[in-house]
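Scroll down for the structure; my scribbles are underneath it.
Each value in this text was obtained by applying a stated rule to the coordinates, not by laboratory testing. From a predicted model like this one, the values you see are computed outputs, not experimental measurements. Cβ placement follows ideal geometry from the backbone for every residue including glycine, while neighbour counts extend to all protein chains displayed.
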């Protein structure tokens, strides 16, 4: 089975040794190819990748754009640039002839058997699998002591509701919450989680784009035209971030999103109207 790895990096020399070691472990038993996009690195990111790829199939595509560095933010400019970076890499390497694509962020930790864990779910209508991406900050919503779900900005349920921030259960709809608590996959409109597996036949037909929101929203909406995107609570990844907490008013707002379908609908309507005004 052939797997294509796609990864966007910048000034990543400090984390690449761990990232690349992780990729070597996850690739055992598969026919792997590795493709990286890099721009504007001031360190030796490119040299590290080129050296690592000497005995492997793959390439590094590099650009000098003099683009700003955003870090972990949800700024509109960052989303637009991330869509450009991901699409530039995809355009360079497609059409792909592999079976699956593994889309990864270099700073995400995951177990060596993550592909093995994903593959049983790649049946029926499922074309893309994403993990329970845990962050180092614990759940603020129920004081359970569990790790909270990290990538809530990319997460959107089938009704268009975004993820619940700093919660071990990131969903607001009761049926989704029950599935998650029962450790069953949840079908969504959008998700990523830092390490996602997608069927290559679908990857060849889609691209990232943004209308002011997360670049994964429109990407996953295109993916959904070919099959289901799911989040799997028993497949885990991990990211370490700075500690922060919900303000009481934020926690109250999110609890109302969980408890009150009417409030959830009204907040989604307000958000939609606000986006239309901005456009």
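With Kirkwood's inverse mean 1/r over C-alpha pairs for Rh, give me the Rg to Rh ratio of the stretch 71-139, two decimals please.
So for the stretch 71-139, dividing Rg by the Kirkwood Rh gives 1.00.
Which order do 266, 190 fall in if you start with the one that has the fewest other Cβ atoms within 10 Å?
Least to most surrounded, the residues fall as 266, 190.
How high is the relative contact order of the chain, in percent, with contacts defined as C-alpha pairs under 8 Å that are six or more residues apart?
Result for the chain is 21 percent.
For the stretch 25-41 and the stretch 95-121, write down the distance between their C-alpha centroids in whole Å.
Going from one Cα centre to the other spans 10 Å.
Compute the helix-to-body angle for 16-26: its Cα long axis versus the longest principal axis of the chain, expressed 0 to 90° and rounded to tens.
Taking the Cα atoms of the chain, the angle to 16-26 is about 90 degrees.
Nearest 10 degrees, 0 to 90: what angle lies between the long axis of helix 261-278 and the longest principal axis of the chain (Cα atoms)?
It is inclined by approximately 60 degrees.
Only counting other Cβ atoms within 10 Å, I'd like 132, 153, 100 sorted with the fewest neighbours first.
If I rank by nearby Cβ atoms, fewest first, I get 153, 132, 100.
Rank the residues 92, 123, 199 as a footprinting-exposure proxy: fewest other Cβ atoms within 10 Å of their Cβ go first.
In order of increasing Cβ crowding within 10 Å: 123, 92, 199.
Return the Cα extents of the stretch 2-278 along principal axes one, two and three, sorted largest first, each rounded to a whole Å.
Its Cα atoms span 56, 41, 36 Å along the three principal axes.
I'd like the antiparallel share, as a percent to the nearest 5, of DSSP beta bridges with both residues in the chain.
DSSP beta bridges in the chain are roughly 35 percent antiparallel.
Give me the angle, in degrees from 0 to 90, between the Cα long axis of helix 215-224 and the longest principal axis of the Cα atoms of the chain, rounded to the nearest 10.
Result, in degrees: 90.
Convex hull over the Cα atoms of the stretch 2-95, averaged projected area in nm²?
6.4 nm²
Which value in deg cm²/dmol, rounded to the nearest 500, describes the helix-derived mean residue ellipticity at 222 nm for the chain, given -39,500 (n - 2.57) per DSSP H run of n ≥ 4 and division by the residue count?
-10000 deg cm²/dmol
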